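K.L.:
Quick one: the structure is below, questions incoming.
The values are calculated or read from the model by the stated rules, or taken from the named source; none is laboratory data. Please read all numbers here as calculations on a predicted model, not as lab measurements. Glycine also receives a Cβ, built like all others from the backbone with ideal geometry; neighbour counts cover every protein chain displayed.
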Amino acid sequence: MQAKWSTLLSRFAILLPPPVRPALVNMGGLTWQCPAVHHPPVRVLLFDAGIEVTAGRRPDSAKGVCVLTDRDYRAVFEASPEAMLVVDWEGVIRDLNPRAVAMFGWSREELEGSSVERLVPMASRNRHRKYREDYVNSPPPSPMGQALELLALCKDGTSLPVEVSLSRATLGSGPGHVICAVRDITGWKQMRQVSRTMVAAAENERKSLSRELHDEYLQSLVALKIRVKLLAEEPDEEERGRARVHIAREIHAAIQGVKRMIRGLHPSELEQHGLAFALASQFRDLREVYGFKIHAKLDQVDDHLDSVATLALYRIIQEAVNNAARHAGVSDATVTARSEGGVVVAEIRDEGCGFVFDRHFGLNSMRERAAMIGGRIAIATAPGKGTTIRATVPVAGAESKEPR
Ligand SMILES: Nc1ncnc2c1ncn2[C@@H]1O[C@H](COP(=O)(O)OP(=O)(O)O)[C@@H](O)[C@H]1O
Ligand SMILES: [Mg+2]
């Protein structure tokens with residue numbers, strides 16, 4: 001077995017980047033992982049075909065191209081991670097693989113012999129039928145038609161975003177068949193939505209920074225310039241002394257403000273001293289700027305989180321306490337963080353005015369940040385009832401498995 005897999009794997013080694021190859025070729029087992037740093041994660045299917053590959057080598061092939069037997073092709077079809085359907089020219093499903101059964105929720109018996117439009121939401125059935133007829137009348141020359149993004153209808157009535165590739169096949173007699181490879185792209189769509197929200201959030205942060213730089217610091221610098229000019233022209237010694245003290249105080253305030261901005265941009269204290277310390281500086285800033293007090297009870301939760309999750313949690317708490325200080329109409333809030341049963345839970349609670357929850361921007365980016373690290377956000381609020389934001393994040397190494 002060891003020798004057989006090595007032979008087979010060595011044929012595929014060329015598809016992998018150099019750092020992976022030696023490990024792969026020397027491996028006799030059935031599974032391996034390509035390090036994600038070198039290569040995007042891949043799902044690999046291995047068939048017991050090592051011998052077949054060699055046996056199927058076409059004797060007349062000058063380049064020694066390997067040809068799989070019908071049995072091997074069937075194995076590929078059955079084990080494909082994509083749902084595969086074989087549909088005849090009339091649009092009737094003639095064959096399907098186990099992944100199609102799992103994806104759509106219908107049994108093989110229910111789907112075989114029924115129209116492929118059964119898998120298309122009612123609203124798009126006519127359009128789909130037309131596409132199909134056009135494809136039958138003039139199929140594209142390339143073997144796999146360009147992938148189409150569509151919605152598929154499952155047995156339970158839910159619809160699934162899918163990517164469909166079509167290829168024409170001449171199986172047996174008759175006018176031929178179409179092989180449809182169907183990929184569930186729910187996860188990919190979610191990721192695309194997350195990255196859009198994150199890009200929009202970054203742009204929003206830049207906008208608010210530029211506003212703060214303009215309204216706060218540029219204005220104070222302009223005022224300071226005028227004061228310094230007036231100071232030089234002030235004849236009275238005592239008045240000059242008072243003006244100097246004033247100017248020094250304003251410069252100090254501007255320095256503190258810039259330090260706050262730098263901390264907001266990149267909380268270096270987070271890496272150096274941990275989450276509780278970095279949050280404590282942030283809470284101090286809130287007190288200085290808004291006179292807003294935070295009652296904090298923070299366990300050493302960053303022991304359970306990796307650096308990405310710690311930063312995301314920091315940003316979530318930052319957004320929530322800033323919202324409480326700016327919008328809740330009260331002078332204090334409570335922040336807690338603890339780890340329990342495989343998750344870290346952080347809660348930001350205020351007894352303020354509350355609000356009608358809508359898909360607001362900052363709140364949305366909190367959700368996306370949590371989703372990126374496999375966590376979630378729960379928001380409990382109502383007018384006059386205060387607001388509680390609860391972030392739940394899986395501890396490092398316990399991330400929930402990505403749904404298939
Ligand atoms: N703790 C809170 N108390 C009261 N209202 C809040 C609170 N948090 C958020 N809100 C309301 O939700 C809105 C959206 O919040 P957010 O998306 O963070 O945007 P922004 O803070 O930029 O206004 C706020 O404008 C405010 O009306
Ligand atoms: Mg906000």
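K.L.:
Have a look at A324, A337, A296, A278 and point out the one that is touching a helix residue (DSSP H, G or I) at 6+ places or on another chain (Cβ under 8 Å), of a type in the set (A, V, I, L, M) and under 30 Å from H214 (Cα atoms).
P.N.:
Only one candidate qualifies: A278.
K.L.:
If you check R315 against the conditions, is it modelled with pLDDT under 95 and within 13 Å of ligand 1 (Cβ to nearest atom)?
P.N.:
Here the answer is yes, as R315 does meet what is asked.
K.L.:
OK, next. Tell me yes or no: at least one residue of the stretch 287-303 is at positive phi and more than 14 Å from ligand 2 (Cβ to nearest atom).
P.N.:
For the stretch 287-303, residues at positive phi and more than 14 Å from ligand 2 (Cβ to nearest atom): present.
K.L.:
Exactly one condition in (1) outside any helix (DSSP H, G or I); (2) within 16 Å of ligand 1 (Cβ to nearest atom) is false for T392; which is it?
P.N.:
(2)
K.L.:
Taking helices (runs of 4 or more DSSP H) that fall entirely within the stretch 82-138, which contain at least 2 residues that are in contact with an Asp or Glu (Cβ under 7 Å, 6 or more places away or on another chain)?
P.N.:
Where helices (runs of 4 or more DSSP H) fall fully within the stretch 82-138 and carry at least 2 residues being in contact with an Asp or Glu (Cβ under 7 Å, 6 or more places away or on another chain), they are 98-104, 125-137.
K.L.:
All but one of (1) within 24 Å of M198 (Cα to Cα); (2) under 22 Å from the mean Cα position of the chain (by Cα) hold for H304, so report the exception by its number.
P.N.:
That leaves (1) as the condition not met.
K.L.:
Output the residues belonging to the stretch 243-277 that are under 16 Å from A223 (Cα atoms) and of a type in the set (D, E, K, R).
P.N.:
R244, R249, E250
K.L.:
Hey, another quick one. Of all residues in the stretch 334-360 being among the hydrophobic types (A, V, I, L, M, F, W, C) and assigned to a strand (DSSP E or B), which is nearest to ligand 2 (Cβ to nearest atom)?
P.N.:
I348
K.L.:
While we're here: Please list, ordered by first then second residue, the pairs with beta carbon atoms under 8 Å, 6 or more apart or interchain, first in the stretch 207-221 and assigned to a helix (DSSP H, G or I), second among the β-branched types (V, I, T).
P.N.:
Y217/V258
K.L.:
Oh, and also: Quick check on my filter: what residues within the stretch 176-206 are in contact with a strand residue (DSSP E or B) (Cβ under 8 Å, 6 or more places away or on another chain) and in a helix (DSSP H, G or I)?
P.N.:
T186, K189
K.L.:
One residue is enough: does the stretch 321-333 have a residue meeting the conditions of a type in the set (D, E, K, R) and more than 16 Å from ligand 2 (Cβ to nearest atom)?
P.N.:
yes
K.L.:
Checking R284 against (1) of a type outside the set (A, V, I, L, M, F, W, C); (2) surrounded by 14 or more Cβ atoms within 10 Å (Cβ to Cβ); (3) without any contact (Cβ under 8 Å) to a residue 24 or more places away in the chain: exactly one of these is not met. Which one?
P.N.:
Result: R284 fails condition (2) only.
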